[in-house]
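Asker: The structure is given below, and queries will be raised subsequently.
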Ligand SMILES: *Cc1c(COP(=O)(O)O)cnc(C)c1O
């Protein structure tokens with residue numbers, strides 16, 4: 001494949017945009033090389049500026065669950081745009097999408113729209129603090145909840161210590177209120193709660209993490225968090241920005257039958273436009289301004305174009321619930337196919353999967369949390385894998401810590417082609 005034009009565009013971009021990108025992972029820093037600039041996309045494929053056609057397993061990092069340029073979504077956006085793109089007033093379409101979301105997702109009465117997953121998580125935590133009157137939060141190492149200050153904390157000298165910021169600009173004052181636990185370690189969480197009695201507002205978790213690879217929850221882990229929260233008055237926040245409207249119409253809450261107190265959304269709910277949302281039962285949501293005391297706002301929140309795209313997407317999903325089964329089946333097919341060829345090639349690997357979230361790790365050891373995911377990534381094999389996939393027309397996320405984002409536009413022929421490429425490029429891996 002030729003990447004002349006992409007590389008030239010990247011060089012130009014770097015002169016006026018930090019690192020040439022508006023979100024760091026796009027820059028290919030983890031895997032090396034220049035990023036691919038995309039010109040257009042349709043269905044399961046993206047077309048880059050050099051005219052290469054790629055099978056897309058990123059799908060805008062999740063939103064394009066029905067494939068690119070899905071007609072009902074595009075038509076809805078065009079139709080709305082012609083009537084004006086923003087008013088800063090209430091519009092009927094906001095109620096329509098809220099009604100549908102409340103119908104699709106269990107345990108929520110009201111939903112508030114924002115502009116990104118980051119904003120959704122940030123606002124959910126503020127609401128939890130306002131509602132409980134407590135300040136500390138528990139998060140899990142390797143779980144990503146967007147880039148607001150409280151979440152940019154990594155495990156320093158272990159889960160029991162106060163977090164240390166892993167970005168300059170995050171103050172110690174903020175970091176000290178974020179307590180870190182290891183995913184799938186319920187006892188660790190219980191210890192933190194014991195040591196911080198009556199100080200914890202919420203536990204925020206990706207119920208099925210997708211930002212350290214895909215990590216299946218150990219049996220009893222999420223149930224244990226629920227029980228712990230019930231016993232202590234801590235609110236349980238499910239960050240379903242990735243899993244929401246993907247692992248089921250009602251996300252992980254529906255798929256695994258565990259209820260959260262506050263749920264965060266992003267990605268699919270915007271149909272490819274900038275949308276995030278957070279939702280809860282009335283008692284909690286009525287703490288938000290203008291009804292309650294917790295302030296939260298946005299000039300472009302509930303923007304008509306974004307709501308039109310999101311509503312069209314949710315209508316598609318709610319009217320065609322077989323989509324969820326269909327993408328699960330396709331992902332399972334890909335899983336089994338890759339498993340077979342990696343085994344035949346004698347490649348040490350672990351494939352994690354929950355529904356249509358899947359990740360390939362080049363290690364035989366189980367990947368169950370951030371530490372084991374980081375250990376598996378240490379071999380550096382993923383980078384070779386990534387570049388060879390790209391050379392063969394398969395576009396996966398440029399990081400060993402991302403899941404693949406499956407869309408229902410992928411055909412079994414696309415999947416077979418992908419499996420054949422995996423077979424071809426991993427012959428010399430071990
Ligand atoms: C992507 C993501 C976010 C952040 O969403 P943005 O729209 O990028 O701000 C938060 N949480 C999870 C689980 C995500 O996958």
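The values are calculated or read from the model by the stated rules, or taken from the named source; none is laboratory data. Bear in mind that the values here come from a model prediction, so they are computed numbers and not experimental data. Glycine gets a Cβ as well: all are built from the backbone with ideal geometry, and neighbour counts include every protein chain shown.
Asker: Might you let me know whether the range 96-115 holds any residue that is in contact with a helix residue (DSSP H, G or I) (Cβ under 8 Å, 6 or more places away or on another chain), farther than 22 Å from residue 151 by Cβ and within 16 Å of the ligand (Cβ to nearest atom)?
Answerer: Yes, that holds for at least one residue.
Asker: Hey, does the range 231-250 have a residue that's away from the ligand (no atom under 16 Å from the Cβ) and without any contact (Cβ under 8 Å) to a residue 24 or more places away in the chain?
Answerer: Yes, there is a match, as at least one residue in the range 231-250 is away from the ligand (no atom under 16 Å from the Cβ) and without any contact (Cβ under 8 Å) to a residue 24 or more places away in the chain.
Asker: Being touching a residue at least 60 places away in the same chain (Cβ under 8 Å) and surrounded by fewer than 17 Cβ atoms within 10 Å (Cβ to Cβ) is the filter here, so list the residues in the range 316-339 that pass it. Break it down stepwise before answering.
Answerer: Step one: list which residues in the range 316-339 are touching a residue at least 60 places away in the same chain (Cβ under 8 Å), which gives 316-318, 321, 323-324, 326-327, 330-331, 333-334, 337-338.
Scanning the range 316-339 gives 318, 321, 326, 333.
Asker: I would also like to ask the following. Among the listed residues 167, 150, identify the single one that is outside the structural domain of residue 53 (by TED's automatic domain parsing), within 16 Å of the ligand (Cβ to nearest atom), farther than 22 Å from residue 215 by Cβ and touching a helix residue (DSSP H, G or I) at 6+ places or on another chain (Cβ under 9 Å). Full working, then the answer.
Answerer: Working: 150 fails: farther than 22 Å from residue 215 by Cβ.
None of the others qualify; the one that does is 167.
Asker: While we're looking at this one, here's another question. Return the pairs, sorted by first residue and then second, in which the second residue is within 13 Å of the ligand (Cβ to nearest atom) and assigned to a helix (DSSP H, G or I), the first residue lies in the range 111-138 and is farther than 17 Å from residue 261 by Cβ, the beta carbons are less than 6 Å apart, and the residues are 6+ apart or on different chains.
Answerer: So the pair list comes out as 114/120.
Asker: Please count how many residues of the range 117-147 are within 11 Å of the ligand (Cβ to nearest atom), outside any helix (DSSP H, G or I) and surrounded by fewer than 20 Cβ atoms within 10 Å (Cβ to Cβ).
Answerer: Adding up the residues that qualify gives 2.
Results for (1) surrounded by 19 or more Cβ atoms within 10 Å (Cβ to Cβ); (2) under 29 Å from residue 143 (Cβ atoms); (3) outside the structural domain of residue 284 (by TED's automatic domain parsing), shown as yes or no for each residue.
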site	(1), (2), (3)
81	no, no, no
91	no, no, no
98	yes, yes, no
103	no, yes, no
107	no, yes, no
110	no, yes, no
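Asker: A further question follows. So, residue 208, is that one farther than 17 Å from residue 102 by Cα, away from the ligand (no atom under 11 Å from the Cβ) and touching a strand residue (DSSP E or B) at 6+ places or on another chain (Cβ under 6 Å) or not? Walk me through how you get there before you give the answer.
Answerer: On the way: farther than 17 Å from residue 102 by Cα: yes; away from the ligand (no atom under 11 Å from the Cβ): no; touching a strand residue (DSSP E or B) at 6+ places or on another chain (Cβ under 6 Å): yes.
No: the conditions fail for residue 208.
Asker: Can you confirm whether residue 157 is at pLDDT below 95 and in a helix (DSSP H, G or I)? Before you say what the answer is, go through the steps one by one.
Answerer: Working: at pLDDT below 95: yes; in a helix (DSSP H, G or I): no.
Considered against the rule, which asks whether it is at pLDDT below 95 and in a helix (DSSP H, G or I), residue 157 comes out as no.
Asker: I'm trying to understand the selection: among the residues of the range 223-261, which are assigned to a helix (DSSP H, G or I) and under 17 Å from residue 355 (Cα atoms)? Lay out the reasoning, then the answer.
Answerer: Within the range 223-261, the first condition is being assigned to a helix (DSSP H, G or I), and the residues that meet it are 223-232, 251-256.
Of everything in the range 223-261, those that are assigned to a helix (DSSP H, G or I) and under 17 Å from residue 355 (Cα atoms) turn out to be 251, 252, 253, 254, 255, 256.
Asker: Just checking, how many residues over the range 189-220 are buried (at least 20 other Cβ atoms within 10 Å of the Cβ) and not in a loop (DSSP other than H, G, I, E, B)? Step through it out loud before you land on a result.
Answerer: Of all residues in the range 189-220, those buried (at least 20 other Cβ atoms within 10 Å of the Cβ) come to 189, 193, 200-215, 217.
Next, only the ones that are not in a loop (DSSP other than H, G, I, E, B) stay: 189, 193, 200-205.
Number of matching residues: 8.
Asker: Same structure again: For the range 6-46, what are the residues that are surrounded by fewer than 16 Cβ atoms within 10 Å (Cβ to Cβ) and either touching a strand residue (DSSP E or B) at 6+ places or on another chain (Cβ under 9 Å) or not assigned by TED's automatic domain parsing to the domain that holds residue 392 (or both)?
Answerer: Hits for the range 6-46 are 39, 40, 42.
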